[in-house]
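Undergrad: This is the structure I want to talk about, given as structure tokens.
Each reported figure results from applying straightforward, stated rules to the coordinates on display, with no laboratory input. Bear in mind the structure is a predicted one, so any value in this text is a computation, not a measurement. Backbone-built Cβ (ideal geometry, glycine too); neighbour counts: all protein chains shown.
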Amino acid sequence: MKLTKKQLTTANKGKLATHAKQLKFLSDNLSRKGINIESIIKTIQKYEVAIPSWALGAGGTRFGRFGFGGEPSNLHEKLEDIGVIHALTRSAGAVSLHIPWDIPENPAETKKFAKSLGIKFDAMNSNTFQDQPNQKYSYKYGSLCDRDAKVRNQAIMHNKAVIDYGVALGSKSLTVWLADGANFPGQNNFRESLNNTLNSLKKIYAHLPKGWKMFIEYKPYEPNFYSMVIQDWGTSFLLASQLGPKAFTLVDLGHHLPNTNIEQIVATLMSQGKLGGFHFNDSKYGDDDLTVGAIKPYQLFLIFNELVFGMQNNKPKNPIPAWMIDASHNVKDPLEDLLQSIHAIETAYAKALIIDQKKLSLAQKNNDVSLGQEILQDAYQTDVRPILAEARKRAGGVLQPLDTYRAMNIREQLIHDRGANTRATGL
Ligand SMILES: [Mn+2]
């Protein structure tokens, strides 16, 4: 399924006059505050977030999984779905592939098809958190950290193979998330596990081609409930620092204990030039993988404030992070969920862009705590939706992606084309 230009233009008809009025109202309000709406629209227009290949179907939980009709059953169909999201939003022009769930049989053809939809290949994701059929050694007790060199070597070889797939597709980065850890005290020796992980990562790092990056994800618990080898940003930062300039920390919003100050972590990592990647989702308790912005939109805004400040005050040089939505869809149509996530991310970004950083800095200098809070709240309470709509319109997308998705009966068409009982590969 591919949306045509005509379909997209038609979808905007009847909404243009209202949009123009709303945009003018916002533009006037912002210019009274000395903010140029044009530069914000342009920044949002350029923004893109990768969609992971495992997020187009139902995620499910440990207890059950409820499918959606018309789920993509192969990589080609997954790319088609991302193509739909990208056509509507013009902000999802990248896919993050998971190996081995989505091995491209013919990388050149896959690359060509993705290109026809305007989709690039973002970070590649390896998987040593589950055993695959015909795999020689099990990851039950660990992968890169395992005490058996044969297990470690198998996991290293897998990561190298993932890099090679990425090279064929035009990707430039590898994300390593490890489930390694222990469920019980006494199960592992902490120092041995960490040391083995570092040495394994060194071998993978040595396989990175020129211009590639490695992102190291962290997580405090799950699937191991006593300890995780890479439990927090500090451990990830330590590994990335020891590996070298191509290695970075990746922040996944759901991989923190409740109430962790994630925006401060972002600021710290960027100050060291080591924030490489970002996984968006939202949570109430743990790694809930809910729709971005569904639970804590203010936290997301504060995180974007640090990201914007970090990108504007970029010393030492931090690369523009690789953005990806890492959410799971249990009760919502995955495509609707992703459209909502993109909306929430861009909303937080646009709001952060209208923070008056000079005024904020002055308030801080004067210890004017109330004013500092007012400046943040003023930006947060501004309705930036016309900015997002305008950015999409200029890029060839639609003013209201979710409305349009429904009006076009896209899910119904996917069910018609693919059947009601298809199942996407993944967990
Ligand atoms: Mn993640």
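Undergrad: Do we find that Ala294 is away from the ligand (no atom under 16 Å from the Cβ), in a helix (DSSP H, G or I), among the small types (Gly, Ala, Ser) and over 16 Å from Val251 (Cβ atoms) in this structure?
TA: no
Undergrad: Quick check on this structure: which one of Ala322, Ala379 is of a type in the set (A, V, I, L, M, F, W, C), under 30 Å from Glu71 (Cα atoms) and surrounded by 20 or more Cβ atoms within 10 Å (Cβ to Cβ)?
TA: Ala322
Undergrad: Quick check, is Phe237 more than 13 Å from the ligand (Cβ to nearest atom), within 16 Å of Tyr205 (Cα to Cα) and buried (at least 23 other Cβ atoms within 10 Å of the Cβ)?
TA: no
Undergrad: Could we say that Gln377 is over 19 Å from Ser27 (Cα atoms) and in a helix (DSSP H, G or I) here?
TA: No; evaluated as a whole, the condition is false for this residue.
Undergrad: Looking at (1) buried (at least 19 other Cβ atoms within 10 Å of the Cβ); (2) without any contact (Cβ under 8 Å) to a residue 24 or more places away in the chain; (3) outside any helix (DSSP H, G or I); (4) of a type outside the set (Val, Ile, Thr), which is the one condition that is false for Asn367?
TA: Status for Asn367: all satisfied but (1).
Undergrad: What is the residue count in the range 32-55 for residues that are surrounded by 12 or more Cβ atoms within 10 Å (Cβ to Cβ), hydroxyl-bearing (Ser, Thr, Tyr) and part of a helix (DSSP H, G or I)?
TA: Qualifying residue count, the range 32-55: 1.
Undergrad: Taking only the range 240-284 into account, find how many residues are part of a loop (DSSP other than H, G, I, E, B), more than 15 Å from the ligand (Cβ to nearest atom) and of a type in the set (A, V, I, L, M).
TA: Final tally of qualifying residues: 1.
Undergrad: Then there's this: Scan the range 73-87 for residues that are over 16 Å from Lys332 (Cβ atoms) and not hydroxyl-bearing (Ser, Thr, Tyr) and jot them down.
TA: If the condition is that a residue be over 16 Å from Lys332 (Cβ atoms) and not hydroxyl-bearing (Ser, Thr, Tyr), then Asn74, Leu75, His76, Glu77, Lys78, Leu79, Glu80, Ile82, Gly83, His86, Ala87 are the ones that fit.
Undergrad: Scanning the range 171-220 for residues that are surrounded by fewer than 23 Cβ atoms within 10 Å (Cβ to Cβ) and assigned to a strand (DSSP E or B), which turns out nearest to the ligand (Cβ to nearest atom)?
TA: Glu217
Undergrad: Here's a follow-up. From the residues in the range 225-234 that are surrounded by fewer than 20 Cβ atoms within 10 Å (Cβ to Cβ) and within 16 Å of the ligand (Cβ to nearest atom), which one is nearest to Leu194 (Cα to Cα)?
TA: Within the range 225-234, the match that is nearest to Leu194 (Cα to Cα) is Gln231.
Undergrad: Applying the selection to the range 322-336, what residues are part of a loop (DSSP other than H, G, I, E, B) and either within 13 Å of the ligand (Cβ to nearest atom) or charged (D, E, K, R) (or both)?
TA: Asp326, Ala327, Ser328, Lys332, Asp333
Undergrad: Can you report the number of residues in the range 417-427 which are part of a helix (DSSP H, G or I) and either free of Cβ contacts under 8 Å to residues at least 60 places away in the same chain or more than 9 Å from Gly69 (Cβ to Cβ) (or both)?
TA: Residues meeting the conditions: 1.
Undergrad: OK, next. When the range 48-68 is examined, which residues are found to be out of contact with any helix residue (DSSP H, G or I) (no Cβ under 8 Å at 6 or more places or on another chain) and closer than 16 Å to Leu339 by Cβ?
TA: Across the range 48-68, the qualifying residues are Glu48, Ala50, Pro52.
Undergrad: Could I ask something else about it? Kindly provide the set of residues from the range 301-321 that are farther than 23 Å from Leu402 by Cβ and either part of a helix (DSSP H, G or I) or acidic (Asp, Glu) (or both), ordered by number.
TA: Matches in the range 301-321: Leu302, Ile303, Asn305, Glu306, Leu307, Val308, Phe309, Gly310, Met311, Gln312.
Undergrad: Let me ask you something else. Conditions: (1) closer than 22 Å to Phe225 by Cα; (2) surrounded by fewer than 16 Cβ atoms within 10 Å (Cβ to Cβ); (3) basic (Lys, Arg). Arg152 meets all but one. Number of the miss?
TA: (2)
Undergrad: Going through the range 131-149 one residue at a time, which ones are surrounded by fewer than 21 Cβ atoms within 10 Å (Cβ to Cβ) and either without any contact (Cβ under 8 Å) to a residue 12 or more places away in the chain or among the aromatic types (Phe, Trp, Tyr) (or both)?
TA: Within the range 131-149, Asp131, Pro133, Asn134, Tyr137, Lys140, Tyr141, Asp148, Ala149 qualify.
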